[in-house]
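These notes concern the structure reproduced below.
The values are calculated or read from the model by the stated rules, or taken from the named source; none is laboratory data. Given the structure is predicted, the values throughout are model-derived calculations rather than measurements. Note: ideal-geometry Cβ built from the backbone for every residue, glycine included; neighbour counts use all protein chains shown.
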């Protein structure tokens with residue numbers, strides 16, 4: 001007899017200094033709550049009131065664990081993966097799926113029905129070890145998205161609750177030991193990534209802090225300018241966003257209190273990128289794309 005129960009889904013995330021660096025962590029958590037039986041939030045010891053902010057989210061599903069980041073880890077963003085794993089290991093042992101979201105990502109509600117259906121459909125299909133979501137990467141303001149190929153277009157955000165699954169490299173995705181890519185199914189659901197949409201002062205602070213998890217002091221001195229505010233213009237190939245933002249982001253977007261002057265045509269795509277995107281438009285295949293997963 002088949003098991004007809006609905007899958008148990010645990011959300012998980014990590015965060016530190018969400019107020020100081022303007023992370024939409026409340027919106028991130030809220031965006032996945034409809035799909036989850038619980039959401040584990042690993043809150044790192046912060047220089048602001050991040051812990052109180054997370055605890056202010058009005059839901060009995062949220063379970064906070066307090067952590068301490070190892071600031072001595074300054075290679076490959078490894079500390080981010082370790083914090084991700086702390087949250088993942090804290091989910092309920094009887095959960096079927098673990099749904100991951102980072103503190104600057106928001107799941108658009110339009111994708112919830114498709115994601116819920118996939119959680120049910122593949123619960124007992126052991127060939128499927130994870131679910132692959134689409135991405136939009138915003139830059140400078142809520143009106144522009146990155147057009148270049150440095151932005152990943154898909155990533156794994158749901159994994160089986162399996163002790164062998166771990167956060168890979170700098171927590172962009174996951175693998176299964178011994179270092180095997182997960183077998184995944186794509187789902188018509190989209191994450192909006194707002195990591196590059198912050199007040200210029202908060203953006204500069206984030207860059208100066210987070211690059212330390214990849215680089216030593218000599219690199220930081222050579223590559224990170226001493227500035228009070230980050231200058232967005234003239235750095236990225238962009239296109240204007242024509243869609244809708246997640247409903248949970250509307251209040252934050254309405255309260256945006258900084259101005260950026262961006263010309264989407266100011267930084268053209270490289271010839272190589274235009275060629276690859278042309279091939280993708282015709283075939284759906286993007287040459288040279290990094291994929292930390294295997295499609296089932």
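Of all residues in the range 236-252, those that are surrounded by 15 or more Cβ atoms within 10 Å (Cβ to Cβ) and either touching a helix residue (DSSP H, G or I) at 6+ places or on another chain (Cβ under 8 Å) or assigned to a helix (DSSP H, G or I) (or both) total 6. If you go through the range 80-124 and keep only what is more than 14 Å from residue 6 (Cβ to Cβ), more than 15 Å from the chain's Cα centre (by Cα) and not in a helix (DSSP H, G or I), you end up with 90, 91, 92, 93. Scan the range 62-79 residue by residue and report those that are free of Cβ contacts under 8 Å to residues at least 40 places away in the same chain and either assigned to a loop (DSSP other than H, G, I, E, B) or within 20 Å of residue 9 (Cα to Cα) (or both). Scanning the range 62-79 gives 62, 63, 64, 65, 68, 70, 72. When residues in the range 1-50 are screened for being at pLDDT 95 or above and out of contact with any helix residue (DSSP H, G or I) (no Cβ under 8 Å at 6 or more places or on another chain), 14 of them pass.
Here the range 155-170 is the region considered, the condition is being buried (at least 23 other Cβ atoms within 10 Å of the Cβ) and over 12 Å from the mean Cα position of the chain (by Cα), and the residue that is nearest to residue 214 (Cα to Cα) is 167. Out of 173, 195, one residue alone is closer than 30 Å to residue 259 by Cα and surrounded by 18 or more Cβ atoms within 10 Å (Cβ to Cβ). It is 195. Of everything listed in (1) surrounded by 12 or more Cβ atoms within 10 Å (Cβ to Cβ); (2) out of contact with any helix residue (DSSP H, G or I) (no Cβ under 6 Å at 6 or more places or on another chain); (3) within 29 Å of residue 158 (Cβ to Cβ); (4) modelled with pLDDT of 95 or more, the single unmet condition for residue 190 is (2). Exactly one residue out of 135, 152, 142 is surrounded by fewer than 21 Cβ atoms within 10 Å (Cβ to Cβ) and assigned to a strand (DSSP E or B), and it is 135.
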